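Here the structure comes first, spelled out in structure tokens, and everything after it is commentary.
The values are calculated or read from the model by the stated rules, or taken from the named source; none is laboratory data. In this text, all values refer to a predicted model and were calculated from it rather than measured experimentally. Glycine gets a Cβ as well: all are built from the backbone with ideal geometry, and neighbour counts include every protein chain shown. Please note that ligands, DNA and RNA were not included when accessible areas were found on the heavy atoms of the full protein model with its side chains. Shrake-Rupley method; radii C 1.70, N 1.55, O 1.52, S 1.80 Å.
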Amino acid sequence: MSFIFQVLYFMIINWYGEGCLKIQSGELTILTDPVEAQSGLSPARVKPTIAIKTLSPAKNLGEGPAEKEGYSIVGPGEYNIQHANIVGFGVPKESTDACIKTVYMLEIDDITICLLGHISETPSPDVLEHIEEADILFIPGGGAPFLDQKTAVKLVKQIQPKIVVPMFFKIPGLKRKSDEVKTFLEEYGEKKGIETQEKISIKKKELGEIKTTQIIILKP
């Protein structure tokens, strides 16, 4: 008789500004929406197993080699790489012939992550029914040109994730105009303020102990 053991690692998540995250689980490293130097922010010095883009030229659709050691995922579809199951949902209303927007669901070590990316409107009902399963939700929190804070907060309360992490808000060095995260927090009703964290380090068991949605503000 043989037994299969599933190794569940601590998931470690770092934020580099805008939509750029490094998600680590064991030997798996995922980098999302890498920032470019012209943004005013410092690009992440990471060689990912998987690079994911929520906004990309339409000509780059699909899965292919990211660099010498990894894969690039762009656009709708189902992707299974190492112990990560990734599903991309298209956002037709916000996509054009030149660029596409995609919302992603990632399942890693029994933790489900939703990347809303660059969206500026509430996702369609057929997408919402999938992202309502998210344990951790990454959402624009800095207003225009993405979701306004009121809509973002309404969406969080509809999805009710264990953890919500706002992104795309004003930080030192960012050249484009954006609101500060305190606007998102005030809209949410969080008046005491939340201390920023260097990273998220969590296992599925710990998520199960969270009874109401927690807001985590990451420090880039």
Requested in this report: Along each of the three principal axes of the Cα atoms of the stretch 168-217, give the extent in whole Å, ordering the values from largest to smallest.
Outcome: 39, 23, 15
Query raised in the report: Mind checking the dipole of the chain: about its Cα centre, +1 per Lys or Arg Cβ, -1 per Asp or Glu Cβ, Debye to the nearest 20?
Result: 640
**Report entry** Average projection area in nm² (convex hull over Cα atoms of the stretch 67-115, one quarter of hull surface)
**Finding:** 4.2
Query raised in the report: How much of the accessible area of the chain, in percent, comes from carbon and sulfur atoms when a 1.4 Å probe is used?
Result: 50
Query - Probe 1.4 Å, protein heavy atoms only - accessible area per residue of the chain in square angstrom - result: 54
Query raised in the report: In whole Å, what is the distance between the alpha-carbon centres of the stretch 82-117 and the stretch 12-37?
Result: 14
Query raised in the report: What percent does the relative contact order of the chain come to when contacts are Cα pairs within less than 8 Å and at least six residues apart?
Result: 17
Requested in this report: Please identify, among Gly193, Gly77, Gly19, the residue showing maximal mean-square fluctuation in a Gaussian network model of the chain using a 10 angstrom Cα cutoff.
Outcome: Gly193
